[in-house]
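Q: Submitted below is the structure of interest, expressed as structure tokens.
The values are calculated or read from the model by the stated rules, or taken from the named source; none is laboratory data. The structure presented is a predicted model; accordingly, all values stated were derived computationally and were not measured. Don't worry about glycine lacking a Cβ; one is built from the backbone with ideal geometry, like all the others, and counts go over all protein chains shown. When the accessible area is computed, the model is the full protein with side chains, heavy atoms only, and any ligands, DNA or RNA have been set aside. Shrake-Rupley method; radii C 1.70, N 1.55, O 1.52, S 1.80 Å.
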Amino acid sequence: MSQENVASFLNLLLNDSELREKFKTRNLAELLFHAENIGQRFTFEQLSQVIAAMEIKIIREKLGEDFGPYSSLWVKMWGKYRLEYIIDNLLSGLSEEELEQLIQPIDHTIVID
């Protein structure tokens, strides 16, 4: 169970339109269940963390905007299934290296000189 599995799952959907079509109308519980059935086990929290990290990176670095309620990214959700938004507007806007950086564990060690 990991954020790496979230990234792997999303990349799988990005590259497999038939599978993406099967998953796009699933609710969250169904998505997690069926993802696990194809070997991509992760939790809601892990999925949320990856999505939030992608949104923040796209808003701040790609769009050059402050993260907040008025970002131009939010209107791209309208009229789409949530999974379509994630694949089309988040994942496709990041390179594999950028996604890999987003899912690296954060080191919370505090160093005092």
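Q: Within the set of other residues whose C-beta is less than 15 Å from the C-beta of residue 5, count the net charge using Lys and Arg as +1 and Asp and Glu as -1.
A: On the way: positive: 41; negative: 4, 36, 45, 100.
Within the 15 Å Cβ shell, the charges total -3.
Q: Tell me, what is the FRET efficiency for residue 65 and residue 101 to the nearest 0.05, using R0 = 30 angstrom and their Cβ-Cβ distance as r? If you can, show how the numbers build up before the last one.
A: On the way: r = 20 Å, r/R0 = 0.67.
That pair, residue 65 with residue 101, gives E of 0.90.
Q: Can you pull the Rg over Rh of the chain, Cα-only, Kirkwood? List each step's numbers first, then the result.
A: Values: Rg = 14.9 Å, Rh = 15.0 Å.
That ratio is 1.00, to two decimals.
Q: Based on Cβ point charges of +1 for Lys and Arg and -1 for Asp and Glu, what charge dipole magnitude is obtained for the chain about its Cα centre, in debye rounded to the nearest 20? Each step should come with its number before you reach the end.
A: Details: 11 positive and 19 negative charges, 111 e Å.
Dipole size: approximately 540 debye.
Q: With each pseudo-label sitting 7 Å past Cα toward Cβ, what's the residue 27-residue 77 distance in nm, one decimal?
A: 1.8
Q: Another question, then. 7 Å from Cα along Cα→Cβ at both residue 18 and residue 37: what's the point-to-point distance in nm?
A: 1.6
Q: Also, quick follow-up: Tell me the carbon and sulfur percent of the accessible area for the range 22-79, rounded to whole percent, probe radius 1.4 Å.
A: Numbers: 2010 of 3710 Å².
About 54 percent, which is the carbon plus sulfur part of the accessible surface.
Q: For a quick check of your reading of the filter: which chymotrypsin sites (Phe, Trp or Tyr not before Pro) in the range 38-104 sit in a DSSP loop and have no more than 15 other Cβ atoms within 10 Å? Spell out each step's value before the answer.
A: On the way: sites: 42, 44, 67, 70, 74, 78, 81, 85; in loops: 42, 67, 70, 78, 81.
Taking the range 38-104 and a limit of 15 other Cβ atoms within 10 Å, the loop chymotrypsin sites (Phe, Trp or Tyr not before Pro) found are 67, 70, 78, 81.
Q: Taking the Cα centre of the chain as the origin and placing charges on Cβ (Lys, Arg +1; Asp, Glu -1), which of 63, 102, 31 is farthest toward the positive end of the dipole?
A: 31
Q: Sticking with this one: Give the accessible surface of the chain per residue, rounded to a whole number of Å², with probe radius 1.4 Å and ligands, DNA and RNA excluded. Intermediate results must be reported in sequence, preceding the final value.
A: Details: 7340 Å² over 113 residues.
Using a 1.4 Å probe on heavy atoms only, each residue of the chain averages 65 Å².
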